[in-house]
């Protein structure tokens, strides 16, 4: 015999489960050096895009990058963890959203260094710098995921 409580709880789990999954998929933890100003600007960028962000200040950022497997040539000033992925540096929020939608078998995304006018590195009057968003893996060479000029995707 089916009781009303069982039916209501089953329906509630169907209705609310997708929302819970999408909210957790948009939650990230950002590790940053407490003295870095551009890291805070990048956190503001991803928050504006709808991500929920926890910030962990850590002066030993090289240890964080090593723990998350960020390739040496792709490091920047901050490292984020979102679900099963790592996001290194000034990656545009649109590419993080794309990563979460496509779910490639990769370790994460990285923008090496601190390109001028990338998210969090806005410099009024400075020309935008062209840079690559790289998809990196645990066991093979990184590949280009997107190319930007400042905040504009060009390929």
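Residues in region 123-155 that are closer than 23 Å to residue 69 by Cβ and out of contact with any helix residue (DSSP H, G or I) (no Cβ under 7 Å at 6 or more places or on another chain): 131, 132, 135, 137, 138, 139, 140, 141, 143, 144.
Checking the stated criteria, residue 118 turns out not to satisfy the condition of being farther than 21 Å from residue 81 by Cβ, free of Cβ contacts under 8 Å to residues at least 40 places away in the same chain and surrounded by 12 or more Cβ atoms within 10 Å (Cβ to Cβ). Do we find that residue 104 is touching a residue at least 60 places away in the same chain (Cβ under 8 Å), in contact with a strand residue (DSSP E or B) (Cβ under 8 Å, 6 or more places away or on another chain) and more than 16 Å from residue 31 (Cβ to Cβ) in this structure? Taking the combined requirement at face value, the residue does not satisfy it. Residue 129 falls short on exactly one of the conditions (1) in contact with a strand residue (DSSP E or B) (Cβ under 8 Å, 6 or more places away or on another chain); (2) closer than 19 Å to residue 26 by Cα; (3) surrounded by fewer than 21 Cβ atoms within 10 Å (Cβ to Cβ), and that condition is (2). For region 93-117, a residue qualifies if it is over 21 Å from residue 57 (Cα atoms) and part of a loop (DSSP other than H, G, I, E, B), and the qualifying residues are 103, 104, 105, 106, 107, 115, 116, 117. Taking the criterion of being in a strand (DSSP E or B) and within 16 Å of the chain's Cα centre (by Cα), the residues of region 118-143 that qualify are 132, 133, 134, 135, 136.
FYI, it's all coordinate maths here, none of it is from the lab. Treat the numbers as computed from the prediction; the structure is a model and nothing was measured. Positions of Cβ are backbone-derived with ideal geometry, glycine not excepted, and every protein chain shown enters the neighbour counts.
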